[in-house]
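For reference, the structure is listed below as structure tokens.
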Amino acid sequence: MNGLQAGVWYAIAAEHDLPKDHVYRTMLGGHELAAWRSTDGGVHVWEDRCPHRGVRFSLGEVVGDELRCQYHAWRFGKTGACTFIPAQPDLKVPRTIHAAVWPVALSAGLVWSGIEPIGAPPALPPGAVLRAIPIARPAASVAHALVKEPLAGLALVLQPLDETATIVRGIALDDDLVRADHALLALRRRLEQAA
Amino acid sequence: MILYDAHHLAPCYAVRLLAGCLGATLDLKPLDVYPGHANQTEAFLALNPLGTLPVLVDGPCLITDWLEALAHLALTHDRAWFPAEHAALIGWLGMARDLGASAGAARLIDTFGAPGDAAAARAQANALLDEVERRMWFGERIGQDWLIEGPHPSIADLACFVFIAPCEDGGLSLRDRPALRRWCDRVRFLPGFVSMSGVFPPMANTGR
Ligand code: FES
């Protein structure tokens, strides 16, 4: 299960993780993901795997409104469809060549995705988006620790990376990012040392 | 200027990278270190008794320390790369040397069979990478693109880059270090950038 539930939105990035011309890389429940921003500001989340030979999209480059694979420079448009194969410039690219596209929602300064997520992402209070902190513990353990000892002034959500590790994301209600960072790093030390 | 060079060694790469960014021409003398041990010949040891690479020769000046070579190139070509007014320059160059002894060592152990304790090197590297990520992330919040305050990259960026960019070859990961990945992109897109194995260059014809 990798701690990933169908029907649920998970925050997988902050909006500030996606400047233009950059391919962001992360993992959700064991699925490697690549995310990038097109010129209209839209965010695209794909499986981090080129359908040609499986090279990671996150090694590639954003060129205008297309993502270009590092390996053989095939290009893919916003819908995920392959648009151009340099080795066969005259070929009309078959529609079946397609990146595996994941759902996307933007809210509270975060980028959300998931497996067939239902409705809208959870509402978070206003505040500043925290630095995401990876913790080498399963999501259930991190969630348990946060219920037992909630961190004051922070609205947190969890991104299960795989069955062993979790990223904590969220909002600092008082905008104090330095204080929040200390609190999350302390949480990380506590959980990893206890493991 | 002559550079005694080994393509795969990050400290040599740092000098080639800075020369590229400065538009300076180096006369490269490639040495086969793995597996040839060309750095242990009497001829090379006469030049540099430590047997380390790179060695930079600029007229009467012979430099056997890679950070000193970076400083020399910056001071003789473009001082914007050597922000001496910032004490942080010293700290970041120290960080680069520490990254070399950890992330750099892990890469040499994993890819070239160099001797050493890979697990210990990775543990130290992970702590350093986390700290560089933290500082870079907070730097970005106040609009800083580079390790040292100001609009221009410094030799410290390149000195750290040569260990951070290819760190996955040493069993480390940048996946959960998004600010480092963005900073690596900024370095890759510098005019004059050159690459090394394990470091992807920007692709051709991007229309940038
Ligand atoms: S693997 Fe992506 S283009 Fe070949």
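The values are calculated or read from the model by the stated rules, or taken from the named source; none is laboratory data. From a predicted model like this one, the values you see are computed outputs, not experimental measurements. Note that each Cβ is placed from the backbone with ideal geometry, even for glycine, and that neighbours are counted across all protein chains shown.
In the stretch A:5-51, of all residues being away from the ligand (no atom under 16 Å from the Cβ) and of a type in the set (Val, Ile, Thr), the one that is farthest from A:Pro138 (Cα to Cα) corresponds to A:Thr39. The set of residues from the stretch B:170-183 being more than 10 Å from chain A (Cβ to nearest Cβ) and under 16 Å from the mean Cα position of the chain (by Cα) comprises B:Gly170, B:Leu180, B:Trp183. The sole residue among A:Val147, A:Val63, A:Val157, A:Val93 that is at pLDDT below 95 and more than 13 Å from chain B (Cβ to nearest Cβ) is A:Val93.
The set of residues in the stretch B:101-145 that are more than 14 Å from every other protein chain (Cβ to nearest Cβ) and outside any helix (DSSP H, G or I) comprises B:Gly113, B:Ala114, B:Pro115, B:Gly116, B:Asp117. Reported count of residues in the stretch A:66-90, each being assigned to a loop (DSSP other than H, G, I, E, B) and either within 13 Å of the ligand (Cβ to nearest atom) or more than 14 Å from every other protein chain (Cβ to nearest Cβ) (or both), is 15.
If only residues of the stretch A:32-60 that are touching a residue at least 60 places away in the same chain (Cβ under 8 Å) and not small (Gly, Ala, Ser) are counted, the one that is farthest from the other protein chains (Cβ to nearest Cβ) is A:His44. As for the stretch B:19-33, it holds no residue that is at pLDDT below 95 and polar (S, T, N, Q). Check off (1) more than 30 Å from A:Arg169 (Cα to Cα); (2) within 14 Å of the ligand (Cβ to nearest atom) for A:Gly54 and give me the number that stays unchecked. The one condition A:Gly54 does not meet is (1). Within the stretch A:110-140, if we keep just the residues that are on the phi > 0 side of the Ramachandran plot and crowded, with 19+ Cβ neighbours inside 10 Å, the residue that is farthest from the other protein chains (Cβ to nearest Cβ) turns out to be A:Gly114. The residues on offer are A:Ala145, A:Ala128, A:Ala165, and the sole one that is touching a Gly at 6+ places or on another chain (Cβ under 9 Å) and either more than 16 Å from the ligand (Cβ to nearest atom) or more than 27 Å from A:Cys69 (Cβ to Cβ) (or both) is A:Ala128.
Just one of the listed residues (B:Ser197, B:Ser154) is in contact with a Pro (Cβ under 6 Å, 6 or more places away or on another chain) and more than 10 Å from chain A (Cβ to nearest Cβ), and it is B:Ser154. Among the residues that make up the stretch B:8-23, is at least one of them surrounded by 13 or more Cβ atoms within 10 Å (Cβ to Cβ) and more than 24 Å from B:Pro166 (Cα to Cα)? Looking through the stretch B:8-23, none of the residues is surrounded by 13 or more Cβ atoms within 10 Å (Cβ to Cβ) and more than 24 Å from B:Pro166 (Cα to Cα).
Each residue in the stretch A:10-19 was checked for being outside any strand (DSSP E or B) and either more than 11 Å from chain B (Cβ to nearest Cβ) or among the aliphatic types (A, V, I, L, M) (or both), and 2 of them qualify. Here is a check on your reading of the model: is A:Ala152 in contact (Cβ under 8 Å) with a residue 60 or more places away in the chain, assigned to a loop (DSSP other than H, G, I, E, B) and not aromatic (Phe, Trp, Tyr)? Against the criterion (in contact (Cβ under 8 Å) with a residue 60 or more places away in the chain, assigned to a loop (DSSP other than H, G, I, E, B) and not aromatic (Phe, Trp, Tyr)), A:Ala152 does not qualify. Can you find a residue in the stretch B:48-57 that is assigned to a helix (DSSP H, G or I) and surrounded by fewer than 20 Cβ atoms within 10 Å (Cβ to Cβ)? No: the stretch B:48-57 contains no residue that is assigned to a helix (DSSP H, G or I) and surrounded by fewer than 20 Cβ atoms within 10 Å (Cβ to Cβ).
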